[in-house]
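Asks: Before I ask anything, here is the structure I am working with.
Just so you know, all these numbers are worked out from the coordinates, no wet-lab data involved. Worth saying up front: this structure is predicted, and the values here are computed from it rather than measured. Note that each Cβ is placed from the backbone with ideal geometry, even for glycine, and that neighbours are counted across all protein chains shown.
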Amino acid sequence: MEKEKYLDDLSEIRKIMSHSARFLSLSGLSGVSTGLIALAGAFLAKQLVFSRGNYLLGEPVVISGDLLRDLVLIASGTLLLSVVSALWFTIRKSRRENQRVWDAQAGRLLVNLLIPLITGGIVCVILLRMGYVGFLPAMTLLFYGLALVNGSHYTLSHIRYLGLAEILLGLLALIFIGQSLYIWMLGFGLFQMVYGLLIQRKRGGV
């Protein structure tokens, strides 16, 4: 009996330490929702922008002001909706589990995510201004993957595997630039949704 009590106490201590060292309120549904939003954004981009010309090349291309505006609006809208969706599901899960939405661990996670993401955003803006539209899908995959790997130290550790998969897809998108939009849809759409469903099944809750 004493041994069982000792093991239970040890397990509880480990659980408390894990919660204090990592942000564990990520919802699997946030991955599913952001994946769906990414697929919708990619579909719009394909129909409104990439259907009007072959812009996915390994060289600078000339894109009209109207198409550039559409591309920026679609990208911005997709990003905004994804962030809002992820935050909503995360906050909802935190409240249901009676956990704080914002603490030191959440702050560390945010910083470690934002460093690669902001860097990648700046790189993408530079490439877009230079006309290298074909490199944008690969760059967004690469820097998003790096952000996930970087942030995995402060949240669910297996999120790094999703990050590594995104990095691999980013490298493939650099090789197969003409098909990079479909590779982007695979990474930001399907992979996100599958990962979200796996997390939802493993950890439960909404």
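Asks: Between Val62 and Phe176, with labels modelled 7 Å along Cα→Cβ, what's the label distance in nm to one decimal, could you check?
Replies: Taking the simple label geometry, Val62 and Phe176 are separated by 3.1 nm.
Asks: Report the one residue of Gln105, Val61, Thr119 whose Cα lies farthest in the direction of the positive end of the charge dipole of the chain (charges on C-beta: Lys and Arg +1, Asp and Glu -1; origin at the Cα centre).
Replies: The listed residue farthest towards the positive side: Gln105.
Asks: Next question, about the same structure. Students often get this wrong, so try it: which of [x] 1.17; [y] 2.55; [z] 1.42 is Cα Rg over 2.2 N^0.38 Å as calculated from the structure shown?
Replies: Label [x] holds the value from this structure.
Asks: Multiply the residue gap between Ile115 and Leu197 by 0.36 nm, knock off their C-alpha separation, and tell me the result in nm, one decimal place. Walk me through the numbers before you get to the answer.
Replies: Numbers: separation 82, 0.36 × 82 = 29.52 nm, distance 2.69 nm.
Result for the pair: 26.8 nm of gain on full extension.
Asks: Once the piece of chain linking Phe50 and Asp103 is laid out straight, how much longer is it, given 0.36 nm per residue of separation minus the C-alpha distance between them?
Replies: Details: separation 53, 0.36 × 53 = 19.08 nm, distance 4.22 nm.
Answer, rounded to one decimal: 14.9 nm.
Asks: Calculated FRET efficiency, Leu87 and Ile126, Cβ-Cβ r, R0 25 Å, to nearest 0.05?
Replies: Calculated transfer efficiency: 0.35.
Asks: With n ≥ 4 as the cut-off for DSSP H runs, can you work out [θ] at 222 nm for the chain, using -39500 (n - 2.57) per run divided by the number of residues, rounded to the nearest 500? Intermediate results must be reported in sequence, preceding the final value.
Replies: Working: 8 runs with 150 residues, N = 206.
Rounded to the nearest 500, it is -25000 deg cm²/dmol.
Asks: State to the nearest 20 debye the size of the charge dipole of the chain about its Cα centre, where the only charges are +1 on K and R beta carbons and -1 on D and E beta carbons. Could the numbers behind the result be given before it?
Replies: Numbers: 19 positive and 11 negative charges, 77 e Å.
Once rounded to the nearest 20, the dipole reads 380 debye.
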